[in-house]
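The values are calculated or read from the model by the stated rules, or taken from the named source; none is laboratory data. Treat the numbers as computed from the prediction; the structure is a model and nothing was measured. Note that we place each Cβ from the backbone using ideal geometry, even for glycine, and neighbour counts take in every protein chain shown. What goes into the accessible areas is simple: the full protein's heavy atoms, side chains included, and nothing from ligands, DNA or RNA. Shrake-Rupley method; radii C 1.70, N 1.55, O 1.52, S 1.80 Å.
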Amino acid sequence: MTVVIGFEGSANKIGIGIIRDGEVLSNPRRTYITPPGQGFLPSDTARHHRAVILTVLKEALEQAGLKPADIDCVAYTKGPGMGAPLVTVALVARTVSQLWGKPLLGVNHCIGHIEMGRLITKANNPTVLYVSGGNTQVIAYSERRYRIFGETIDIAVGNCLDRFARVIKISNDPSPGYNIEQMAKKGSQYVELPYTVKGMDVSFSGILSYIEDAAHKMLSSGQCTAEDLCFSLQETLFSMLVEITERAMAHCGSQEVLIVGGVGCNLRLQEMMGVMCKERGAKLFATDERFCIDNGAMIAQAGWEMFRSGRVTELEDSWITQRYRTDEVEVTWRD
């Protein structure tokens, strides 16, 4: 049996999870929440993580019923993400690894999402749509790499949603995306917004600029409600994502789609993707907010796969990086 503890803190979530041979033993996390209309700054987020990380570590061990001696490997998020929060978490993981005398493993955040999705859903070889606050990619596995078939050429889909939430002062608790999703259910009028798909890639900055500029005019003149704007934004963004995912499936001859990342728990996105999959005779796989949203167990699971294939990170190589593409990692644990 191999037991791996994973530390995740690349954005506003701090999570520590423990995995034993595919079983999630514990997965506590905390979220740094800012007032409506505000985002989260790297320095403030890192301060939040520093304040709670040891409490979360204690919780993870207690919930799993394990002692440090029972852990075989310490995995942490190497990147991509926000610099200051990443440094905070890497520092603690490095220290724990040395105190406990356990090997260390730097994990790519995106690969953590993919491996957690594969573990929970039992998807075999899916086309992956990875959608979060910092990333938007369509990915498929080929020849020991997770190949990126299409991606955003500017901002991530989650960032577009978050920034729109700030414009109309939607609460950040529990997350702006979740609150937009709930408001969208009450929207009935579709407002036409820019739709930008460029081959396999998407662009969200234009739609954000347009809605930022138009929102207050439309709301104050009574042309539409805030709920209508949430509905329209979701429908447009998610249609773009479904289009590029279907194109990647056709290219790969794939019959499976796996949605991962924080935006992946949006039920409307899952519903729209499900319709496309049904039309193609394909299967859709997705997870709920326990595993879609950044968490420690996903880093532990990717670390478990890497550790079992003989990978470790030497102390002098245990740095972090804000830019770390999914296709930079050699996938040594898959055929």
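Determine whether the range 55-73 contains at least one residue that is within 18 Å of the chain's Cα centre (by Cα), within 13 Å of Ile299 (Cβ to Cβ) and either among the aliphatic types (A, V, I, L, M) or open to solvent by 50 Å² or more (accessible area, probe 1.4 Å) (or both). No, the range 55-73 contains no residue that is within 18 Å of the chain's Cα centre (by Cα), within 13 Å of Ile299 (Cβ to Cβ) and either among the aliphatic types (A, V, I, L, M) or open to solvent by 50 Å² or more (accessible area, probe 1.4 Å) (or both).
Condition test on Ile111, is it touching a residue at least 24 places away in the same chain (Cβ under 8 Å) and part of a loop (DSSP other than H, G, I, E, B)?
no
Being at negative phi, aliphatic (A, V, I, L, M) and in contact with a Lys or Arg (Cβ under 7 Å, 6 or more places away or on another chain) holds for only one residue in Ile53, Ile114, Ile71, and it is Ile71.
Quickly run through the range 200-224 and pick out the residues that are under 26 Å from Gly150 (Cβ atoms), open to solvent by less than 50 Å² (accessible area, probe 1.4 Å) and either in a helix (DSSP H, G or I) or among the polar types (S, T, N, Q) (or both).
If the condition is that a residue be under 26 Å from Gly150 (Cβ atoms), open to solvent by less than 50 Å² (accessible area, probe 1.4 Å) and either in a helix (DSSP H, G or I) or among the polar types (S, T, N, Q) (or both), then Ser203, Ser205, Gly206, Ile207, Leu208, Ile211 are the ones that fit.
Which one of the conditions (1) of a type outside the set (S, T, N, Q); (2) touching a Pro at 6+ places or on another chain (Cβ under 6 Å); (3) under 23 Å from Phe231 (Cα atoms) does Leu269 fail to meet, given that it meets all the rest? Single failed check for Leu269: (2). Count of the range 245-257 residues, restricted to those that are assigned to a helix (DSSP H, G or I) and more than 18 Å from the chain's Cα centre (by Cα), is 7. Just wondering, is there one or more residues in the range 292-302 that are touching a Lys or Arg at 6+ places or on another chain (Cβ under 8 Å), assigned to a loop (DSSP other than H, G, I, E, B) and open to solvent by 60 Å² or more (accessible area, probe 1.4 Å)? For the range 292-302, residues touching a Lys or Arg at 6+ places or on another chain (Cβ under 8 Å), assigned to a loop (DSSP other than H, G, I, E, B) and open to solvent by 60 Å² or more (accessible area, probe 1.4 Å): absent. Residue under question is Glu227, and the condition is that it be open to solvent by 30 Å² or more (accessible area, probe 1.4 Å), assigned to a helix (DSSP H, G or I), farther than 26 Å from Phe149 by Cα and in contact with a Gly (Cβ under 9 Å, 6 or more places away or on another chain); does it hold? Taking the combined requirement at face value, the residue satisfies it. Number of residues in the range 207-257 that are more than 23 Å from Thr196 (Cβ to Cβ) and acidic (Asp, Glu) equals 2. Kindly evaluate Leu105 against the criterion of being over 16 Å from the mean Cα position of the chain (by Cα), crowded, with 19+ Cβ neighbours inside 10 Å, touching a residue at least 60 places away in the same chain (Cβ under 8 Å) and part of a strand (DSSP E or B). Considered against the rule, which asks whether it is over 16 Å from the mean Cα position of the chain (by Cα), crowded, with 19+ Cβ neighbours inside 10 Å, touching a residue at least 60 places away in the same chain (Cβ under 8 Å) and part of a strand (DSSP E or B), Leu105 comes out as yes.
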